[in-house]
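The values are calculated or read from the model by the stated rules, or taken from the named source; none is laboratory data. Fair warning: this is a prediction, and the values are worked out from it, not measured in the lab. FYI the Cβ positions are ideal-geometry reconstructions off the backbone, even for glycines, and counts take in every protein chain you see. Ligands, DNA and RNA are excluded from the accessible area calculation, which covers all protein heavy atoms including side chains. Shrake-Rupley method; radii C 1.70, N 1.55, O 1.52, S 1.80 Å.
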Amino acid sequence: CQIRRLLSRYNVHKNVLAASQRVIRQDPVKKEGYSQHFKTFTLAVAGRDVGFERFEKENLLEHLRAFLTIIKLLNASGEYAISDIAVAISDVSKRPGLLEAIDEDVLKELKEVFTETTFTVDNERTSNYYKSLCYSIAARVAQDGAPMSIAGGGITAWTETLVGSKKERLLVGSIGSETICRHFKK
């Protein structure tokens with residue numbers, strides 16, 4: 001698949017770690033179209049809380065911009081048909097005002113650039129995996145097909161636990177490169 005080559009054209013922050021690797025889910029997958037073994041392209045960025053949700057806003061913007069740019073470049077190559085792209089943002093911590101701030105400071109900017117993408121705020125999502133903000137990106141498999149999740153991520157407590165400081169932040173996310181190649185290649 002072309003994701004690594006396409007991303008080399010896109011300049012992400014210098015503090016972002018990226019990996020393209022084959023992974024395995026621990027539990028068997030029961031959803032049609034998904035497999036237990038798959039290849040993914042992953043981004044991770046760690047930092048400290050400096051107040052005003054600055055880490056979350058800046059890095060969520062970069063994650064979403066990177067993944068949506070990859071999708072845009074794949075479509076522009078003429079080899080892929082990824083349509084009806086939908087981004088959903090959630091705050092599983094239910095912190096008052098956080099989603100409103102993200103909508104105003106992050107989604108507003110993305111809506112101007114990715115005009116073909118639908119952006120929503122999902123107040124109902126829960127998670128035992130993510131600590132606060134999380135996102136998902138879905139696309140329609142075929143003209144008459146159902147939406148399929150192709151990317152997702154969020155803030156985890158991994159570095160907070162490792163360092164023992166509530167100020168630590170870690171945003172991880174991945175795009176299913178094998179899923180895109182398998183289901184969206186023309």
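When a 1.4 Å probe is rolled over the protein heavy atoms, the share of accessible surface on segment 89-186 that falls to carbon and sulfur comes to 50 percent. Assuming charge only on the beta carbon of Lys and Arg (+1) and of Asp and Glu (-1), the dipole of segment 131-178 about its Cα centre is about 280 debye to the nearest 20. Measuring between alpha carbons in the structure, the pairs from 72/94; 131/167; 111/185; 39/94 lying more than 22 angstrom apart are 72/94; 111/185; 39/94. Working ranking of peptides 133-141, 76-84 by packing, defined as the average number of other Cβ atoms within 10 Å per residue, highest first, is 133-141, 76-84. If R0 equals 41 Å, the separation of the Cβ atoms of residue 120 and residue 77 corresponds to a calculated FRET efficiency of about 0.90.
With the highest mean first, a sort of the peptides 95-104, 165-174 on other beta-carbon atoms found within 10 angstrom per residue produces 165-174, 95-104.
The Cα center of segment 40-111 and the Cα center of segment 157-185 differ in position by 12 Å. The residues of segment 36-89 expose on average 39 square angstrom of accessible surface per residue, using a 1.4 Å probe on protein heavy atoms.
The calculated FRET efficiency for the pair residue 109 and residue 19, based on their C-beta separation and a Förster distance of 22 Å, comes to about 0.25.
Length available on full extension from residue 127 to residue 42: 0.36 nm per residue minus the Cα-Cα distance, which gives 28.7 nm.
Stretched out straight at 0.36 nm per residue, the stretch from residue 182 to residue 49 would grow longer than its current Cα-Cα span by 44.0 nm. Taking amide H as placed 1.01 Å from N in the peptide plane, residue 121 has its amide H under 5 Å from the amide H of 89, each at least 5 places away in sequence or on another chain. Between the beta carbons of residue 146 and residue 101, assuming R0 = 30 Å, the FRET efficiency works out to 0.40 to the nearest 0.05.
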